[in-house]
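Asks: Got a structure for you, written out below as C-alpha cells; questions coming shortly.
The values are calculated or read from the model by the stated rules, or taken from the named source; none is laboratory data. Given the structure is predicted, the values throughout are model-derived calculations rather than measurements. Cβ placement follows ideal geometry from the backbone for every residue including glycine, while neighbour counts extend to all protein chains displayed.
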Amino acid sequence: MIDVKNLSFEYSNKAVLRRINFSIKDSESILILGVSGSGKTTLLKCLTGIIPNMIEGRFSGKVLIDGKNTKKIEKIQNDMGIVLQDPETQILTTKVSHEIAFGLENLCYDKKTISKLVKKFAKKFGLSDKLNYDIKNLSYGEKKKVIIAAMCAMDKKILFFDEPLANLDINMKKEMFNLLKQLKKEGKTVIVAEQNPCILKNLFDKCLVLDKGKLVYNGNVKGGMEVLKKLTEHQRVHRTKPEDDYILNVRNLSFSYGRKRILKNINFKIKKNEVITITGENGCGKTTLALCLCNLLKRKKGKIKLFHKSIDEYSSKQVAEKIGFVFQNPNFQIFKNSVTDEINYGPENFGKEISNREMGELLTNYDLSHKKNSHPFSLSLGEKRRLTIASAVSSDPEILILDEPVFGQDPYHTSMILNSIIGKKTILIISHEESLSRISNRVFEIKDGKMVEKKCGRAM
Amino acid sequence: MWKSYVKLVLFVPLIILALILKDIQVLIMISLVSLAFAKIFNKNLKKTIISLAKYLVLTIPLLLILWTLFSSFDDAIIATIKFSSLSVVSFAMMSCFQVNESFKLLSSIFPYKFAFIIVLCVRYMEVIKEDIGRIGLIRKARGFEDKGNFIKKIKSKMELIVPVFVDSLIKAEDIACALDTRCFGIYNKRTFWKS
C-alpha cells in the first residue's frame, strides 16, 4: 500500500510537484498520464525514495510504503524496483546472465540459488538462448527486457516503469503489453508513467493525470484519457504538397561498421519541400543513414546527389550549410553560453549574419523569448530541443534532418515547431512516433538494413 | 576464478620486469610476449592494438622531447622504450580481463563498493569516448571546421568537454538510481556468482 500525503518537490527554485495526495492499494495497477515536463518521472522518483535520498531539492510531505517512510531508503529498497526510460544507463555489467544476477549477488544469495533464479527468469522473459550474449549486441527492446528480468528475479513487490513504450517498435510494444499483463497477474503492483499509452490503456485499474506538477485527475482510465486529450489540444498541422524537383537522390547506398552491414542498397529520392519520415527499431541504422546523407560518415558504396551534383564535390562546410542536422541528444549540441549565442553559432560558422528582427522571430517561433539570456544547460529538456531546432534553422539550410524531434516535447509545442517549418523546408524526420507519419508525404521503414515504403497515416 | 589468477601470474611478473630492466632488447621482448599472452585469452586484439598505437603515437614524441630537454638524448630513448613497453604490457593485460572478472579480482583486494567504482569508471570511459566522437560530428554538422594551429585545435577540443560533462552528470544520476534499485551496498558483503 502506498500513501502519498501533501507531496511537494522543488528543484533549483522550480516547483516540479505541488501538493499531491493519493493512495494505491496492494496489487493495483496504476497509469500515470501527463505531457512531457508535467512531473511524471519526478513523481516516480519520489515514490521510490530516490527523491529525497539521492537527489537534492526541497522536499515536503510524506510518502509511506506499507507504513514505512521513504526517507529511510534502506527499509523500502527491497520491495520496489524502477525501470527508467533509457536502458543503456541502467545496465551495470556486460553479460545478460551477470546483469540478471547482479541484484541477487547484492542480496547475498548463495551461488546455487542465483544460478537457479537466473535460469528461471531468463526462460520466463525469453532470454534463455542469449544468457551469454554481450548486452551491447542486444536490441533496444531486449535491453529493456533484461532490466525488467533483473528486477523480477529480485522478487520486487512494486514495479515502476518510466515510459516503457518509448522508442519501441510495434511488435516490441505488444510484447511489453503481455509482459506487464503477466506481472499484474502475479499480483505485483505495477505503476506506469506514460504520455502516450496506446495499447497499454486497457491494462490498468486506475489512472492519475498530472499537469504542471499538479494532480488534476484521479479515477478510471477512460476518464483520464479524456482529460489528457483536453490538455493536449493543439493547432492542426497540415500536410503540404512538395514541388516537382528532386533535390536529394540516393542510389545503392551501403554502409557497414567493421564486418556488420548496417545499410544495404538503399535507394530513394526526395522532392523539394517534401516531408519524409524514416521509422524502424532502435539501432536499425536510421541515424547512420542520416549521417551518411550529410557525408559525416563515409559510405562504403553508392551515390548521393545533392542539388543534381555529387555530394563529394561539396566541402563538408558546404554540405553543412545545405543540410541542417538536429541530433537526438540535445545535451550534445550545445556549445555556447547563452540562448542567443547558441542560435548564432551556425550562422557565424558560415559567415552569415542574422538581424535582430530575424532573431526575435526565431525566439518567438520557438517560444524561447523569455529565456533569451539564460544558459542553454539550465533549460528544460523540451526547451533544449526547441533551441537545437532553432539553431539549426537559423543558418537557413535547404534540407532539415530531425532525429526524434518530438521526444520530450508536449503536443502544443510540437505543432508549433512543425507549423513553422513545414512547407518551407525539405524535412527528413527520424522517429518512432506514429503520429508524425500523418504529416509526412511519405514514410519509410528500415528493416534488416533495407528500406521499405510504408503507408502514411491519416492527416492530422 | 583460477583463470583470472593465471592471467595475473602471467602478466604481473612482466610488468615488474618492465619496471626494473633497462636493456632495450629485453624490454621489446617483454612487450611482444605480453601481446602473445593477450592473444591467448582474447581473440580479437585488433581494437586494443589500434588504441594502443594511437596512444603511443601521441605520447612517444612528447616524452622524447621533454626527456631530451632535461637530460641527454640517449637517456630519452631508453626512458621512452621503457615507458612504451610498460604501456604495451598494461594494455595487453587490460584487454584480457572482462568487467565481471576484474570486479571480482579487485574486490578481493579492496572493499567491493570501491572496487565497483573503479570498474564502472573503466567501463564508462568507452561510452564517454564514443560521446566525444559524436559531439565532434554534431559540431561539424553545424559548420565548424577544424582549422588553425595546434593551440587553436586544442582550444576547440576543450569546447567539447562541457557537453560531455553535463551529459555524464545526467547519466550518473541514472546509474545511481539503477544501483539503488538493485540493492547495491545494502550489506557489507556480497556473493560473486559466475556461470
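Asks: Pairs needed: first member in segment A:5-30, more than 19 Å from A:Lys71 (Cβ to Cβ) and outside the structural domain of A:Lys201 (by TED's automatic domain parsing); second member anywhere, surrounded by 15 or more Cβ atoms within 10 Å (Cβ to Cβ) and modelled with pLDDT under 90; C-beta distance under 6 Å; at least 6 residues apart or different chains.
Replies: From segment A:5-30, no pairs qualify.
Asks: When the residues of segment A:11-33 are filtered to those that are modelled with pLDDT under 90 and in a strand (DSSP E or B), which remaining residue is surrounded by the most Cβ atoms within 10 Å (Cβ to Cβ)?
Replies: A:Val16
Asks: Let me ask something else. Considering only residues that are part of a helix (DSSP H, G or I) and at the interface with chain A (Cβ under 9 Å from one of its Cβ atoms), which ones fall in segment B:148-176?
Replies: B:Val162, B:Pro163, B:Val164, B:Val166, B:Asp167, B:Ile170, B:Lys171, B:Ala172, B:Glu173, B:Asp174, B:Ile175, B:Ala176 - these are the residues of segment B:148-176 that are part of a helix (DSSP H, G or I) and at the interface with chain A (Cβ under 9 Å from one of its Cβ atoms).
Asks: Restricted to segment A:71-91, and to residues that are free of Cβ contacts under 8 Å to residues at least 60 places away in the same chain and in a helix (DSSP H, G or I), which residue is surrounded by the most Cβ atoms within 10 Å (Cβ to Cβ)?
Replies: Checking each candidate, the answer is A:Gln90.
Asks: OK, next. Please identify the pairs in which a residue from segment B:133-145 that is free of Cβ contacts under 8 Å to residues at least 24 places away in the same chain has its Cβ atom under 6 Å from the Cβ atom of a residue that is buried (at least 23 other Cβ atoms within 10 Å of the Cβ) and of a type outside the set (Phe, Trp, Tyr), counting only partners at least 6 apart or on another chain.
Replies: B:Ile138/A:Gln333; B:Ala141/A:Ala320; B:Arg142/A:Gly346; B:Gly143/A:Ala320; B:Gly143/A:Gly346
Asks: Could you please give the count of residues in segment A:335-352 that are away from every other protein chain (no Cβ under 14 Å) and charged (D, E, K, R)?
Replies: Selection size over segment A:335-352: 0.
Asks: Related question: Quick one: count up the residues across segment A:357-381 that are part of a helix (DSSP H, G or I), within 14 Å of chain B (Cβ to nearest Cβ) and crowded, with 18+ Cβ neighbours inside 10 Å. Give the derivation first.
Replies: In the first step, residues of segment A:357-381 are kept if they are part of a helix (DSSP H, G or I); the result is A:357-365, A:369-371, A:376-378, A:381.
Add one more test, that the residue is within 14 Å of chain B (Cβ to nearest Cβ), and what stays is A:376-378, A:381.
Retained after the next criterion (residues that are crowded, with 18+ Cβ neighbours inside 10 Å): A:376.
The qualifying residues number 1.
Asks: Here's something else I'd like to know. In segment B:108-142, how many are within 11 Å of chain A (Cβ to nearest Cβ) and either assigned to a loop (DSSP other than H, G, I, E, B) or not charged (D, E, K, R) (or both)?
Replies: Count: 14.
Asks: Could you look through segment B:177-194, keep only residues that are facing chain A (nearest Cβ under 7 Å) and exposed (fewer than 15 other Cβ atoms within 10 Å of the Cβ), and pick out the one that is nearest to A:Ile76 (Cα to Cα)?
Replies: B:Tyr187
Asks: Within segment A:34-42, is there a residue that is hydroxyl-bearing (Ser, Thr, Tyr), away from chain B (no Cβ under 14 Å) and in a loop (DSSP other than H, G, I, E, B)?
Replies: So in segment A:34-42, the residues hydroxyl-bearing (Ser, Thr, Tyr) come out as A:36, A:38, A:41-42.
Within this subset, residues satisfying the condition of being away from chain B (no Cβ under 14 Å) are A:36, A:38.
In the following step, the residues that additionally are in a loop (DSSP other than H, G, I, E, B) were identified as A:36, A:38.
The answer is yes, given that some residue of segment A:34-42 is hydroxyl-bearing (Ser, Thr, Tyr), away from chain B (no Cβ under 14 Å) and in a loop (DSSP other than H, G, I, E, B).
Residues are listed down the side, and each one gets a yes or a no for (1) surrounded by fewer than 19 Cβ atoms within 10 Å (Cβ to Cβ); (2) in a loop (DSSP other than H, G, I, E, B); (3) at the interface with chain B (Cβ under 7 Å from one of its Cβ atoms); (4) out of contact with any Asp or Glu (no Cβ under 6 Å at 6 or more places or on another chain):
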position	(1), (2), (3), (4)
A:Thr93	no, yes, yes, no
A:Ser97	no, no, yes, yes
A:Ile100	no, no, no, yes
A:Val118	no, no, no, yes
A:Phe121	no, no, no, yes
A:Gly141	no, no, no, yes
A:Lys144	no, no, no, yes
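Asks: So if I check each of B:Leu10, B:Leu69, B:Leu52, which one is assigned to a helix (DSSP H, G or I) and loosely packed, with under 11 Cβ neighbours inside 10 Å?
Replies: When all the criteria are applied, what remains is B:Leu69.
Asks: Of the conditions (1) under 30 Å from A:Ile73 (Cα atoms); (2) within 14 Å of chain A (Cβ to nearest Cβ); (3) not hydrophobic (A, V, I, L, M, F, W, C), B:Glu145 clears all except one; give me its number.
Replies: (1)
Asks: Moving on to the next point. Checking A:Leu168 against (1) in a helix (DSSP H, G or I); (2) touching a residue at least 12 places away in the same chain (Cβ under 8 Å), only one condition comes out false. Which one?
Replies: Just one mismatch for A:Leu168, condition (1).
Asks: Select, from A:Lys384, A:Lys336, the only residue that is modelled with pLDDT under 90, not in a helix (DSSP H, G or I) and not assigned by TED's automatic domain parsing to the domain that holds A:Tyr11.
Replies: A:Lys336
Asks: Next question, about the same structure. Identify, please: which residue in segment A:310-332 is assigned to a loop (DSSP other than H, G, I, E, B) and within 22 Å of A:Tyr246 (Cα to Cα) and is, among those, nearest to the other protein chains (Cβ to nearest Cβ)?
Replies: Selected residue: A:Ser315.
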